[in-house]
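Take a look at the structure set out below.
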Amino acid sequence: MSAPATQFKADAQRMAADLRHRATIQTAMGKYEVVRDQRKRWFQDWEGARTLAARTKYEAVNGLDKHLTRFTQQLEARGTKVHWASTGAQACEIILDILKAKNAKVVVKSKSMTSEEIHLNGALERAGVEVVESDLGEFIVQLRGEPPYHLVFPAMHLTRDEIKDVFEKKLHDAPSNDPEELTMVARRQLRKKYIQADVGITGANYAIAETGMISITENEGNARLTAALPQTMITLMGIEKVLPRYEDLALFLPMLAVMGTGQALTCYNTMYGGPRQTDEADGPEEFHVVLLDNRRTLVLADVEQRDALGCIRCGACLNVCPVYRNVGGHTYGTVYGGPIGSVITPHLRDLQDWKHLSYASSLCGACTETCPVGIDIHHHLLRNRRNASAPKTGKPSWTQRQLFKIYGAIAARPRLWKLTTKLGRFAQVFHGPVKGGVLDPMRAWTKTRDLPPIARQSFREWWKERGGHE
Ligand code: SF4
């Protein structure tokens, strides 16, 4: 078993048994579900909107080269410096070079899961730069030395008391566990950092090819301050964030808000188009955009799974996933957790080391059903399983082939099938005492689950009993 798989198994077992954690998550998810469903009803035709979103993303992903060219041309025309990074390490180097050129000592950051993906904070801190997360949830998990727990709610797993504790310990300022007072504590800290910061780093929700603009949606206004106050702004984004047209935002902004946080629209929706122009009063003097590949082109090359690049990171599939709701976000060991993380992480990292995530699914299809851009998530998980079991030949392994041959031989012979089911029923009588123990040949399954009993009577037996003829 690979190291990430061993870690996942151990953490999943621990978290699934943590009833306090489960209660916190279930409460948060329950509230989210109620408001999300209310807001969805505000769409005249939700299914029609999903179809349109899926089509637009299909167009964006399948014409990525063309859209990226247009996007970068527009950005450069307004004085933005565009950088291309093939790997996470390269992106970190590019950003470090910009910081060095500016002699930057303090950086404020906002809205960037991509920077978590490439471990940017660690790289900056090793270079002696102070990095401060400015979104409240991310600020809290940064103080705790943890990665974000969820794509949209980074500190969802924490209670108010836990947040108060960390503020007390790290900031020596926690008047009570009242959310408003705690928010004010964070605000006081962050306002100082905005003024001190030499550079602001943000992510991007969407990149509009038609206009060369970056769209960021948020609820706290911190990304705005991150982008507006420091003299230099850097946007780090994956190449898949492109939308073809400006008008596409009319669908994607409300859709992300509804599915992400259950709002009709997020409080702040801002478009960034480049550095401060001569007739503008504020904004950064210098604007850099770093476009990150980091194996996304491998997903693009896979025609079966390329639509996974259409993900808008709304987190809705995490919220409905029975596995995520039990094991929590940190267990996945990767920045993109839950069902979509289980689809893309084996691509972004390594299939053999991360294939276990594709098995961490009940395949109930709730993720696919909820995804606003129509990604067929649970079938992608099955494809990952298939690809992982037959990495070179694309065929099932020798053991799988033999097992299916044996199954085929039994299933094709009615007498043999009858005998096998009878033996199975008989064996099940003795299974009880050894179930889940070391003597149990089915232990891998039965340790945590029940083995469904074989029906006491087959259909043929039932039919015969009622006088039917074979
Ligand atoms: S896969 Fe779909 S539901 Fe999951 S985060 Fe992405 S867009 Fe949202």
Residues being assigned to a helix (DSSP H, G or I) and buried (at least 19 other Cβ atoms within 10 Å of the Cβ) - total across region 122-142: 9
Which one of the conditions (1) touching an Asp or Glu at 6+ places or on another chain (Cβ under 6 Å); (2) modelled with pLDDT of 95 or more does I140 fail to meet, given that it meets all the rest? (1)
Residues that are open to solvent by 10 Å² or more (accessible area, probe 1.4 Å) and either among the acidic types (D, E) or touching a Pro at 6+ places or on another chain (Cβ under 8 Å) (or both), drawn from region 285-313: E285, E286, D293, D302, E304, D307, I312
Restricting attention to region 434-454, does a residue exist that is closer than 30 Å to G315 by Cβ and either open to solvent by 40 Å² or more (accessible area, probe 1.4 Å) or part of a helix (DSSP H, G or I) (or both)? yes
May I ask you to list the residues in region 146-189 that are more than 16 Å from the ligand (Cβ to nearest atom) and within 17 Å of T331 (Cβ to Cβ)? E146, P147, A155, H157, L158
Pull out all pairs, ordered by first then second residue, where Cβ-Cβ is under 6 Å, the residues are six or more apart or on different chains, the first lies in region 127-156 and is farther than 19 Å from N319 by Cα, and the second is small (G, A, S) and assigned to a helix (DSSP H, G or I). L136/A186; F139/A186
Subset of region 329-366 (residues that are buried (at least 22 other Cβ atoms within 10 Å of the Cβ), of a type in the set (S, T, N, Q) and farther than 19 Å from M156 by Cβ): T345, S358, S361
Matching residues in region 298-319 (touching a Ser or Thr at 6+ places or on another chain (Cβ under 9 Å) and closer than 15 Å to E59 by Cα) number 1
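Of the residues E125, E180, E220, only one is acidic (D, E) and at pLDDT 95 or above; which? Walk me through it before giving the result.
Working: E180 fails: at pLDDT 95 or above; E220 fails: at pLDDT 95 or above.
It is E125.
I'd like to check something: does region 75-84 contain any residue that is closer than 30 Å to D293 by Cα and in contact with an Asp or Glu (Cβ under 7 Å, 6 or more places away or on another chain)?
To start, the set of residues in region 75-84 that are closer than 30 Å to D293 by Cα comprises 75-84.
Narrowing the set further to residues that are in contact with an Asp or Glu (Cβ under 7 Å, 6 or more places away or on another chain) leaves 82.
Checking region 75-84: at least one residue is closer than 30 Å to D293 by Cα and in contact with an Asp or Glu (Cβ under 7 Å, 6 or more places away or on another chain).
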In region 363-389, which residues are within 9 Å of the ligand (Cβ to nearest atom), out of contact with any Pro (no Cβ under 7 Å at 6 or more places or on another chain) and not small (G, A, S)? T368, T370, C371, P372, V373, I375
Output for region 188-203, where each listed residue is surrounded by 15 or more Cβ atoms within 10 Å (Cβ to Cβ) and free of Cβ contacts under 8 Å to residues at least 60 places away in the same chain: Q189
Taking the stated definitions as given, is T6 in contact (Cβ under 8 Å) with a residue 24 or more places away in the chain and among the β-branched types (V, I, T)? no
Give the residue that is farthest from the ligand (Cβ to nearest atom), with candidates limited to residues of region 306-324 that are touching a helix residue (DSSP H, G or I) at 6+ places or on another chain (Cβ under 6 Å) and either at pLDDT below 95 or among the β-branched types (V, I, T) (or both). V320
Close pairs from region 300-317: first at positive phi, partner within 12 Å of the ligand (Cβ to nearest atom) and part of a loop (DSSP other than H, G, I, E, B), Cβ under 7 Å, at least 6 apart: R313/L151; G315/H150; G315/L151; G315/V152
Would you mind telling me which numbered condition in (1) within 16 Å of the ligand (Cβ to nearest atom); (2) closer than 26 Å to P284 by Cβ; (3) under 19 Å from the mean Cα position of the chain (by Cα) E218 fails? (1)
Could you please let me know if V258 is within 16 Å of the ligand (Cβ to nearest atom) and either of a type in the set (G, A, S) or part of a helix (DSSP H, G or I) (or both)? yes
Evaluate the following for S358: is it within 25 Å of L300 (Cα to Cα), hydroxyl-bearing (S, T, Y) and within 38 Å of the chain's Cα centre (by Cα)? yes
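The values are calculated or read from the model by the stated rules, or taken from the named source; none is laboratory data. Small disclaimer: the values here were computed from a predicted structure and weren't measured. Every residue, glycine among them, receives a Cβ derived from its backbone with ideal geometry; neighbour counts consider all protein chains shown. Note: accessible area is taken over every heavy atom of the protein model, side chains too, but ligands, DNA and RNA are not part of it. Shrake-Rupley method; radii C 1.70, N 1.55, O 1.52, S 1.80 Å.
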